[in-house]
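Note sheet for the following structure.
Every number in this text was worked out from the coordinates using simple rules, so none of it is lab data. Bear in mind the structure is a predicted one, so any value in this text is a computation, not a measurement. A quick note on method: Cβ atoms are made from the backbone with ideal geometry, for glycine too, and the neighbour counts reach across all protein chains shown.
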Amino acid sequence: MSPRAIRCLVVTTALLALALGSARAALPVEVSGTPLPSLAPMLEGVTPAVVNIHSKTVVRVRSPYADDPFFRHLFGLPNGPQERVKQSLGSGVIVDAARGLILTNNHVIAGADDVQVSLADGRTLTAEIVGSDEDTDVGVIRVEAKDLVAVPVARSEPLRVGDFVVAVGNPFGLGQTVTSGIVSALGRHGLPGLGYQNFIQTDASINPGNSGGALVNLRGELIGINTAIFNPGGSAAGNIGIGFAIPSDLALDVMRQLLETGEVLRGTLGVETQDLTPEIRRALDLAQIQGVIVTQIQPGSAAAQAGMRVGDAITEVNGKPVQRQEELSNLEGLLPVGEPVTLTVQRDGKPLKLRARLAARRTDLDGARADPRLTGARLGSVPERLRRQGVAGVLVSEVKTGSRAERNGLRSGDLITAVNRRDVADLDALERSLGTSDTQLLLTLVRGNRAYLAVME
């Protein structure tokens, strides 16, 4: 063997020995006397406050042939509806240890008949649903237990793009899992299938089961509730680094309202608008303006009291730009009811500042109060996520068994779209239409994928 070959062999052997030794060696805890950074000390105060949630919902399913004696006999169908159990996994965050209050997502607990909470210390507790809000996807549950640990809550408003964040939750039911990333964007909206949106976007890995879990800063303070991921390829694509969390400011405000009143008030300006198209801009000499054009103003509304006019172009709300109807609706729904709002509009080619106080949007109506023929029914507004998909009308949220409304053919889940063949878009329109219905009350209903006519007597 040549001297050069021997040198190469020695060097190769030394490198191999070094590699094998490194593979067996543990990572150093410090470099040049300086400890390596770690999230472990911070997480020691966070992870005990993050819980796993397991909810069960009993769903009653009735065969469409169950009322036919022939089919019931032929196929052995039961006389009544059958029950099946729907299960949901998610996460939650203890925010008040003394009262046992836990923040989570509405979609984790919606309609649940049984909610079980597993703590980080191994205890499993039965939770009470305090309330939830479908439009913001915030839910609140309560447990009774000693020695609970709550995570401190920070304001989300000061967050900046680039801030480091950590997500803690229960992905795929695996148990508590921690991921990290940064704030990728703020004020995200326009996601399909969701209601009012003002999301924190993060690249911290969020997966199914993380819903309702904690998004915390490097001080271990809660700044968001993990809610959704962007996954255009479906579940097969997995997490692609685009996740969304409800800001802590919004989540706490919703919780406060649910605890105080049992519902969440939504604000409204009382205007109808449409997006500014290039054609409308040219016609109104608004070629350089971004905003929405006011097409109708309800008498006595917040907009009317502020002096707004049909043809005004709303460009900003409290300094935040408005370019589409969706953005205006989002701001209306998230701003506090009754507090002053500054509206920037363009009128006759000039900017104008208007001051308004948002009025509360109606979300619930007793059927008996609206019309005696609807006694026993509870009517509600269409969720924001459905409104954004073009669904208009009034939802029948409840029908009491044996009530006049039930005898007239009304069912829970029905969507009332017209009264006496006149379209109704919301509760106010329904009540106005009912006020002119002295003799006949004919409702157009959507039930499932079919339309029905129901005569109220």
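Summary of values
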quantity	calculated
Fewest-first ranking of T261, T363, using other Cβ atoms within 10 Å as the exposure measure	T261, T363
Principal axes of the stretch 266-361: Cα extent on each, largest first, Å	35, 22, 19
Computed FRET value (nearest 0.05) for D253 with R99, which takes r as the C-beta separation and R₀ as 22 Å	0.80
Exposure proxy order (Cβ contacts within 10 Å, fewest to most) of T401, T277	T401, T277
17 Å Cα-Cα reach of K146 towards aspartates and glutamates, excluding residues that sit fewer than 8 places from it in its own chain	D96, D121, E128
Under 15 Å from K353, Cα to Cα: aspartates and glutamates that are on another chain or at least 8 residues apart	D312, E316
Listed peptides 241-249, 177-185 by packing density, highest first (mean Cβ within 10 Å)	241-249, 177-185
FRET E, pair L284, E339, Förster distance 25 Å, beta-carbon r, rounded to 0.05	0.25
When the convex hull of its Cα atoms is projected in every direction, mean area for the stretch 364-455 (nm²)	5.3 nm²
Estimated dipole of the stretch 266-361 in Debye, rounded to 20 [Cβ of Lys and Arg +1, of Asp and Glu -1, Cα centre]	260 debye
F199, F172 arranged by Cβ crowding within 10 Å, fewest neighbours leading	F172, F199
Calculated FRET efficiency for the pair N420/N449, C-beta based, R₀ 22 Å, to 0.05	0.40
Lysines with Cα under 23 Å of K56, excluding same-chain neighbours fewer than 8 positions away	K86
